[in-house]
Amino acid sequence: MDRRKMLKVLHEKVAACKKCPELAESRTQTVMDSGNPSAEICFVAEAPGRNEDVEGEVLVGKAGRLLTNIIKAAGWDRQTQTYLMNILKCRPPQNRTPTVEECQNCLPFFKLQLRIVNPKYIICLGNVAAQNLLNREDNISSLRGQLYDYEDDPVKAKVLCTYHPSFALRQGDSAKEQIWDDMQILLDYMEKNSKL
């Protein structure tokens, strides 16, 4: 079975999930992904926002446009060379931060999705994504600036943690520059390893 078929089956299971009653009741739809599931580069964010809940795609709206610009600046095409997904598949009301329990409920879906996609590089956007993927409690500001290893058979990926684009929109140019500094760490690593 190919990746898209496997993801379709998983999406049907996610759409039927009612483990978090508040989220199941308030969502318009579950939001699985966007981009290419065969891509080597995977962006992971925390949860759908209002725009994502309406459109059914990960990272749209202002934050999505900023991410698209970051992806272009890195020399990639968002639709063909990256895959985007969230830890949570449902929008928390008023875009609040997901609870620990909500993340725990969604992690089996998330981990299976990651195994299906099996990327080489994962970029965590924000606290919730980084903490849940790496199983750490550190704040994003202390996790950024270096690469981590993620292993969950068959996935063996290098992980970069950085700020979420929505944080950069609120904070301004200095946060955007910090995101780009983080991206350079991954881009440098990728360039060095392409020559091996």
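The values are calculated or read from the model by the stated rules, or taken from the named source; none is laboratory data. Bear in mind that the values here come from a model prediction, so they are computed numbers and not experimental data. In this analysis, Cβ positions are derived from the backbone assuming ideal geometry, glycine residues included, and neighbour counts consider all displayed protein chains.
So the values come out like this:
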read-out: Number of the exception - LEU196 against (1) modelled with pLDDT under 95; (2) in a helix (DSSP H, G or I); value: (2)
read-out: Residue in region 166-175 that is in contact with a strand residue (DSSP E or B) (Cβ under 9 Å, 6 or more places away or on another chain), assigned to a strand (DSSP E or B) and within 28 Å of LYS62 (Cβ to Cβ) present; value: no
read-out: Exclusive hit being farther than 28 Å from GLU137 by Cα and either among the acidic types (Asp, Glu) or in contact with a Phe, Trp or Tyr (Cβ under 6 Å, 6 or more places away or on another chain) (or both), set GLY75, GLY56, GLY35, GLY61; value: GLY35
read-out: Hits in region 1-51 - residues which are of a type in the set (Gly, Ala, Ser) and free of Cβ contacts under 8 Å to residues at least 24 places away in the same chain; value: ALA15, ALA16
